[in-house]
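Structure, as structure tokens:
The values are calculated or read from the model by the stated rules, or taken from the named source; none is laboratory data. Bear in mind that the values here come from a model prediction, so they are computed numbers and not experimental data. Note that we place each Cβ from the backbone using ideal geometry, even for glycine, and neighbour counts take in every protein chain shown.
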Amino acid sequence: MKALVWAAIVNGVIAVPIMTIMMLLSGKPEVMGPFVIKRRLKFLGWLAVAVMATAVIAMFVLL
């Protein structure tokens with residue numbers, strides 16, 4: 001059971017930089033071509049990154 005908890009913790013911590021890289025790349029036309037992310041989805045993506053980062057920071061502060 002402890003392994004599942006630690007796997008979830010590691011997954012949550014690693015997700016933030018991966019999501020950040022994905023958001024940065026999705027806005028670049030030289031990478032995405034005609035499939036560049038639209039403004040509304042970009043906002044929602046960065047909002048998700050901020051929520052995840054806040055959750056990770058709160059987890060470390062409360063430990």
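If the condition is being farther than 28 Å from residue 10 by Cα and not in a helix (DSSP H, G or I), then region 20-36 contributes 28, 36. Among the residues of region 12-21, not one is surrounded by 14 or more Cβ atoms within 10 Å (Cβ to Cβ) and out of contact with any helix residue (DSSP H, G or I) (no Cβ under 7 Å at 6 or more places or on another chain).
Within region 27-47, can you find the residues that are in contact with a Leu (Cβ under 7 Å, 6 or more places away or on another chain) and exposed (fewer than 11 other Cβ atoms within 10 Å of the Cβ)? Across region 27-47, there are no qualifying residues. For first residues located in region 9-22 and within 12 Å of residue 46 (Cα to Cα), partners that are surrounded by 13 or more Cβ atoms within 10 Å (Cβ to Cβ) and lie 6+ apart or on another chain with Cβ distances below 6 Å form the pairs 16/52; 16/53; 16/56; 19/49; 20/49. Residues that are at pLDDT 95 or above and surrounded by 13 or more Cβ atoms within 10 Å (Cβ to Cβ) are absent from region 1-11. Check whether at least one residue in region 48-63 is surrounded by fewer than 10 Cβ atoms within 10 Å (Cβ to Cβ), outside any helix (DSSP H, G or I) and modelled with pLDDT under 95, and report yes or no. Checking region 48-63: at least one residue is surrounded by fewer than 10 Cβ atoms within 10 Å (Cβ to Cβ), outside any helix (DSSP H, G or I) and modelled with pLDDT under 95.
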